[in-house]
Structure formats: C-alpha cells, structure tokens
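First up is the structure itself, then whatever we jot down about it.
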Amino acid sequence: MPMNESSKTEQIFCNCCLNKTNHIVHHSFLKTEITGHYRWIDDNSIESQIDWQYVYSVLEGRGCETVTFRKDSYFSEYEDNEQPPSEYYPPRISHPLPNWVIDLPEDMQDLMTEVYKALWSDNRRLATMGIRSLFDMYCKDQLGGDEGGFKAKLKLLQDRKIISDEEKIIFEHTIVDFGNAATHRRFKPKYKDLEILVQILEYLLHAHVVELHGNRLKDSVSLPTRNKSKN
Ligand SMILES: [Zn+2]
C-alpha cells in the first residue's frame, strides 16, 4: 500500500508476527477531559486544570499489514511513571495460547483460554486466580479426587513421585502462594511476574500432555523386533 512519507513509525508488539515490529501510525488524535480546577494557595492568580488526556491512534504493521487501535491515557496529576499502560484493541497477545491446549480435558481448555484472555487484557488478579484453579484441577486429575488443601495435595503429588521435591517447592511458592494472595488478600501481581506464573503452568500442563501422548504412542505402535541372529 502507498505510504505517506510523513507517517510516523513506532515499534509495538504485533499479534500476527508475535514480536515487536515497526508499525506506521496512520492517524492520531487527542481528546481532553477536564475533571477539575485548582489554584495554588500562595498564588491565587494562576488557575490550573486537572485533566485526563487521551491519544487515540491507528497503527499498521509494516510487513504483515495488521491494523491495531491504541488508546494512551495521561492524567495531569500523575508522574510519568504512574501513567496507566497503553490499551490496545485487539489486546496484545504477548504470550500466545499454546497449541497443545487442545489435548487437555475440555474444562481445562476452557479455563486456560479464559486465563490467557485475562492476561492479554491485563486482568492480572483474575489470571492469577485462574492459574491457581487450573493447578487445582491438575491435582484432582492426578490424585483421583479432592485431597484437601494445596499443602496436602502437593505433599501427595511429591510422595507419589508425580512431581519432584524441587517442583513441589516451586509450585507451592509461585502458583499456590500468588493465587492465594490474589484470591484472599487483594494482591495484584506485576505483569512480568504473572508471565513467569504462566510459564510454570505451561511447564506443568505440557508435561502432562506429553505423558498422555507418550503413553498412547507406547501402547499403539508395534515396532519391529530386534533380529538377534548373526548372519
Ligand atoms: Zn505483524
């Protein structure tokens, strides 16, 4: 497509390329919402306004031509490092849903999809609670029922050698502790920490899927037997 020489280019994450790529900013416009006014106590002559400024932009990936809509918000009373993050439509898929999810039981697939949607929309507490619930489902499937609280479940998984001693410590202090804090103590994890929780969840559930596939392969294929004769 023809490119306007004056078009600004920015690097943003592309849902199509699954990477940060150059995007053309086709159009941007500013909207201001005044929420109040104030005067400094020692200088009544100067009135300042309290406002939100919103910059709406349409961006297009330079290679894949994928179009994205972005809203940037700035509040006059916040420092630069306190401003809210950019909002994208569609939301950025910084961490794609793995393709092996279809091999999980249906209810786990559904919840995995909800967790990733929460992640992409920056609903961090919901994602963290969902990861804890998925771990609970995994425990129930592995143990054949509900075996009490997470401490008891983790101990049983360890005793039955379904998880190693090191894995028990990791799962307890990440998925379970973060999930409990988000569910019961109003904890909101940082995005980068939530991404690590997702990686741990994927490690656990992917191992489960590989085990299912491995058992199926082992039982379903007849390999030729080894010929012991020396010709
Ligand atoms: Zn792209």
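Tabulated data for the structure shown
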quantity	calculated
The chain, helix-only ellipticity at 222 nm - DSSP H runs n ≥ 4, -39,500 (n - 2.57), divided by all residues, nearest 500	-13000 deg cm²/dmol
Centroid-to-centroid separation of the range 53-109 and the range 20-39 [C-alpha atoms, Å]	16 Å
Relative contact order, percent, the chain [alpha-carbon distance under 8 Å, six or more residues apart]	12 percent
In order through the range 7-19: 3J(HN,Hα) via Karplus (6.51 cos²θ - 1.76 cosθ + 1.60), integer Hz, x for Gly, Pro	4, 7, 10, 9, 8, 9, 5, 9, 5, 7, 7, 6, 7
Zero-based 10 Å bins, Cα pair distances in the chain, whole percents	6, 22, 23, 18, 15, 9, 4, 1, 1, 0, 0
Anisotropy class of the range 99-220 from Cα gyration tensor, a/c 1.5 cut	oblate
Two-site FRET efficiency, residue 33 against residue 8, from Cβ-Cβ distance with R₀ of 25 Å, rounded to 0.05	0.55
Probe 1.4 Å, all protein chains present, accessible-area order of 64, 14, largest first	64, 14
Cys with no candidate disulfide partner in the chain (beta-carbon separation under 4.7 Å rule)	139
Charge dipole magnitude, Cβ of K and R +1, D and E -1 - the chain, Cα centre, debye nearest 20	1300 debye
Percent carbon-and-sulfur accessible area, the chain, ignoring ligands, DNA and RNA, probe 1.4 Å	52 percent
Accessible area per residue in Å² at 1.4 Å probe, computed on the chain	65 Å²
For the range 1-138: rounded, prolate or oblate by the Cα gyration tensor [a/c cutoff 1.5]	oblate
Charge dipole of the chain about the Cα centre (unit charges at C-beta), most positive-ward option of 184, 64, 164	164
Under Karplus coefficients 6.51, -1.76 and 1.60, residue-wise ³J(HN,Hα) of the range 91-99 in Hz, glycine/proline x	x, 6, 9, 6, 9, x, 5, x, 6
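The values are calculated or read from the model by the stated rules, or taken from the named source; none is laboratory data. All values derive from a computational prediction rather than experimental measurement. Every residue, glycine among them, receives a Cβ derived from its backbone with ideal geometry; neighbour counts consider all protein chains shown. Only protein heavy atoms, including side chains, enter the accessible area calculation; ligands, DNA and RNA are left aside. Shrake-Rupley method; radii C 1.70, N 1.55, O 1.52, S 1.80 Å.
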